[in-house]
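So that we are looking at the same thing, I have put the structure below in structure tokens.
The values are calculated or read from the model by the stated rules, or taken from the named source; none is laboratory data. Note that the coordinates shown come from a computational prediction; the quantities given were computed from them, not determined experimentally. Glycine gets a Cβ as well: all are built from the backbone with ideal geometry, and neighbour counts include every protein chain shown. The accessibility values were calculated without ligands, DNA or RNA, using every heavy atom of the protein model including side chains. Shrake-Rupley method; radii C 1.70, N 1.55, O 1.52, S 1.80 Å.
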Amino acid sequence: MPKTLRTLYYARFGFAVVWAILTIALAKTLSPGVTALLVVYPLFDLAAAVIDFRSSGTTRAKAPLYANMGLSLLAAVGLAIAGSIPSVLRVWGAWAITAGIVQLIVAILRYRLGGQWPMILSGGISVLAGSSFILMAGRPNPSLTTVGGYAILGGIFFLSSALRMRQLAAKRSGSAQYAQ
């Protein structure tokens, strides 16, 4: 599982960066194309949760992954029907808060795998960022570019975790070679 999880984290980093660049460049207004772009992000998160679920084996707690799948699906539907930038920010904020809590739980449950501190930090920051999105929605001239920055930061946390997991795997592999 750690190798699959690492690969998934690398993919999530790459997707987040590309998605954020597109979102920041295009999301001046809420056009149908931007709405589709917004919906794609939680759907990608849903797909990642499904891959994570399938690769986690029978020894891992799966309830948080089910919760993450449901939250991502609800976020995609909510974003598809939001209709205004403030509504998008409220949906995104609620998703960031709830998904951040789930991410914290999953990372704590996976702590023994190593490389989970970035995921723990990311979950906590997601809760705070979600609150700020909801607050931004009530201010004059809210912007969607902030969700792009949020995605980049989340991607960096996934990359950090993947690199740390790779480092730990190399260290374990080296230790096993010396033990023989």
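Exposed loop sites here are trypsin sites (Lys or Arg not before Pro) in DSSP loop states with at most 15 other C-beta atoms within 10 Å. What is the longest stretch of the chain lacking them?
Values: sites that count: LYS28, LYS62.
No qualifying site falls inside 63-180, the longest such stretch.
Could you work out what % of the accessible surface of the chain is carbon and sulfur, using a 1.4 angstrom probe and leaving DNA, RNA and ligands out of the count?
On the way: 6360 of 9130 Å².
Ligands and nucleic acids excluded, carbon and sulfur reach 70 percent.
Roughly how compact is the stretch 20-75, stated as its Cα Rg over 2.2 N^0.38 Å to two decimals? Numbers along the way, then the final one.
Numbers: Rg = 14.4 Å, N = 56, 2.2 N^0.38 = 10.2 Å.
The value comes to 1.42.
At 0.36 nm per residue, minus the direct Cα-Cα distance, what do LYS28 and SER87 gain on full extension? Give it in nm, one decimal, please. Could the numbers behind the result be given before it?
Working: separation 59, 0.36 × 59 = 21.24 nm, distance 1.49 nm.
Full extension from LYS28 to SER87 adds 19.8 nm.
Accessible area per residue of the stretch 93-147 at 1.4 Å probe, in Å²?
On the way: 2610 Å² over 55 residues.
Ligands and nucleic acids excluded, the result is 47 Å² per residue.
Roughly how tilted is helix 117-137, in degrees to the nearest 10 and between 0 and 90, from the longest Cα axis of the chain?
Once rounded, the angle reads 10 degrees.
Using the beta-carbon distance between TRP117 and THR145 and R0 = 30 Å, what value does 1/(1 + (r/R0)^6) give for FRET efficiency, to the nearest 0.05? Before the final figure, lay out each step's value.
On the way: r = 28 Å, r/R0 = 0.94.
Step by step, r from the Cβ atoms, then E = 0.60.
Distance from the Cα centre of the stretch 1-23 to that of the stretch 92-123, in angstrom?
One Cα centre to the other: 15 Å.
Next question. Which residues in the stretch 62-78 place their backbone N less than 16 Å from a point set 7 Å from the Cα of SER131 along the Cα-to-Cβ direction?
none
Next question. LEU163 to ALA11: FRET efficiency via 1/(1 + (r/R0)^6), r the Cβ-Cβ distance, R0 22 Å, to the nearest 0.05? It would help to have the intermediate numbers written out before the result.
Numbers: r = 14 Å, r/R0 = 0.63.
Here the calculated transfer efficiency is 0.95.
Normalised by the empirical 2.2 N^0.38 Å for globular proteins, what value does the Cα Rg of the stretch 1-156 take?
Details: Rg = 15.1 Å, N = 156, 2.2 N^0.38 = 15.0 Å.
Cα-based Rg divided by the globular estimate yields 1.01.
In nm, to one decimal, how far is the modelled label at LYS171 from the one at ALA63, with both set 7 Å along Cα→Cβ?
The modelled label-to-label distance comes out at 3.2 nm.
Now for a separate question. Each label point is 7 Å from the Cα along the Cα-to-Cβ direction; what then is the distance between the points at LEU43 and LEU74, in nm?
Output for this residue pair reads 2.0 nm.
Still on this structure: Report the gain in length on full extension from ILE51 to LEU109: 0.36 nm times residue separation, minus Cα-Cα distance, nm rounded to one decimal.
On the way: separation 58, 0.36 × 58 = 20.88 nm, distance 1.75 nm.
Taking ILE51 through LEU109 to full extension adds about 19.1 nm, to one decimal.
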